[in-house]
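Worksheet for the structure shown next.
The values are calculated or read from the model by the stated rules, or taken from the named source; none is laboratory data. In this text the structure is predicted, and so the values were computed from the model without any measurement. Counting neighbours? That spans all protein chains shown, and the Cβs are built from the backbone with ideal geometry, glycine included.
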Amino acid sequence: MTSIDATISKRLMFAIVLTAITLVAEIIGGIWSNSLALLSDAGHVFLDLFALILSLAAIKLALQPPNEQHSYGWHRAEVLASLINGLTVFIMAIGILYEGSKRLMSPEAVQTTPMLVIAVLGLVANLLAAKGLHGHSHDDLNVRSAFLHVLGDAAASVGVIAGALLMRYTGWYQADPIISIAIGLLILFGAGRVLREAVHILMEGVPSGLSVEQVAAHLRGVEGVLDVHHLNIWSVCSHIFALSAHIEIDPAYDGLRTQLLHAIEHGLEHNFHITHTTIQFDCSSCNGGPLIKEFSHTERQTACCGHDHT
């Protein structure tokens with residue numbers, strides 16, 4: 001593990017500990033104060049705690065070497081965990097919305113003092129966790145995601161604090177279920193996004209923000225490249241992108257394949273964060289294939305000509 005990874009891991013662990021303490025405190029405080037809003041925020045904290053753990057696990061899994069059974073290593077475990085987490089939290093959000101609508105029709109008294117204390121402590125913990133993650137949030141996708149989750153928790157805590165103050169000074173207890181419904185909708189949106197991203201990766205979808213045509217245009221712009229076909233782009237996990245392609249090269253560059261391959265791989269990593277590539281250089285007789293190849297269940301691909309590079 002590099003020194004940067006070790007630093008990131010420590011900061012993620014710090015954020016995980018603070019978030020876990022906040023989760024326990026909000027569950028206990030929500031039951032004690034009879035605040036559905038606080039319990040709903042605990043559900044939101046649970047979602048973000050899982051995201052933090054997932055970010056840390058991604059770093060650890062990246063250290064596991066590939067083997068004969070798992071040629072990509074264990075990176076896909078992150079996606080499977082996201083899918084399970086998204087389904088679990090989605091169901092939780094539905095429960096929160098149901099309970100919130102019931103209490104909205106029949107408001108119950110809430111002990112605002114413990115609710116306010118727990119919400120303020122949660123806000124402080126979230127801000128401390130965000131401060132710890134902020135330093136690496138610009139250069140690491142995992143940390144950036146975790147940082148945004150923690151900021152979302154802080155915003156939800158502010159909403160709970162506002163609701164506690166409103167009920168404390170006005171006695172308007174409908175504020176509690178209204179806040180819980182708002183947080184439930186926030187959780188539902190977050191869970192839906194997690195599910196959508198996980199399913200997209202498992203379906204070998206093109207990574208979000210990338211376009212097959214855009215990548216193909218970049219490859220065609222590399223000196224020595226005549227055309228690109230049979231181009232596939234997919235995600236191994238949320239932060240590792242892979243590509244395979246047949247590339248028609250200028251015959252004048254036939255003796256410079258190594259240099260050409262290096263230029264292609266450098267451009268893909270620098271411009272699109274694609275770090276795993278399989279490039280096949282084709283001869284003139286292979287030219288003319290479609291940009292995106294069609295597959296069938298019974299198809300057997302055979303190599304045309306040229307060489308395979310990974």
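Would a scan of segment 211-219 turn up a residue that is over 30 Å from Ala164 (Cβ atoms), buried (at least 21 other Cβ atoms within 10 Å of the Cβ) and more than 14 Å from the chain's Cα centre (by Cα)? Within segment 211-219, one or more residues are over 30 Å from Ala164 (Cβ atoms), buried (at least 21 other Cβ atoms within 10 Å of the Cβ) and more than 14 Å from the chain's Cα centre (by Cα).
One residue stands out among those in segment 96-113 that are touching a Leu at 6+ places or on another chain (Cβ under 9 Å) and part of a helix (DSSP H, G or I): the one that is surrounded by the fewest Cβ atoms within 10 Å (Cβ to Cβ), which is Glu99. A count restricted to segment 23-49 and to residues that are in contact (Cβ under 8 Å) with a residue 40 or more places away in the chain, among the hydrophobic types (A, V, I, L, M, F, W, C) and within 19 Å of Ala146 (Cα to Cα) stands at 3. The residues on offer are Ala216, Ala155, and the sole one that is among the small types (Gly, Ala, Ser) and in contact (Cβ under 8 Å) with a residue 24 or more places away in the chain is Ala216. Thr170 falls short on exactly one of the conditions (1) closer than 19 Å to Ala109 by Cβ; (2) crowded, with 19+ Cβ neighbours inside 10 Å, and that condition is (2).
Taking the residues in segment 273-284 that are modelled with pLDDT under 95 and either of a type in the set (Asp, Glu) or touching a Pro at 6+ places or on another chain (Cβ under 9 Å) (or both) as candidates, determine which candidate is nearest to Trp234 (Cα to Cα). Out of the qualifying residues, it is His273.
Residue-by-condition table, conditions (1) surrounded by 17 or more Cβ atoms within 10 Å (Cβ to Cβ); (2) in a helix (DSSP H, G or I); (3) of a type in the set (A, V, I, L, M):
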site	(1), (2), (3)
Ile16	yes, yes, yes
Ala20	no, yes, yes
Trp32	no, yes, no
Ser40	yes, yes, no
Gln64	no, no, no
Glu78	yes, yes, no
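Residues that are touching a residue at least 60 places away in the same chain (Cβ under 8 Å) and out of contact with any strand residue (DSSP E or B) (no Cβ under 6 Å at 6 or more places or on another chain): does segment 239-249 have at least one? Yes: segment 239-249 contains one or more residues that are touching a residue at least 60 places away in the same chain (Cβ under 8 Å) and out of contact with any strand residue (DSSP E or B) (no Cβ under 6 Å at 6 or more places or on another chain). Here is a check on your reading of the model: is Leu52 in contact with a helix residue (DSSP H, G or I) (Cβ under 8 Å, 6 or more places away or on another chain), in the same structural domain as Met115 (by TED's automatic domain parsing) and over 23 Å from Phe147 (Cβ atoms)? No: the conditions fail for Leu52. In segment 1-58, the residue that is nearest to Leu121 (Cα to Cα) out of those that are among the β-branched types (Val, Ile, Thr) and more than 21 Å from the chain's Cα centre (by Cα) is Thr22.
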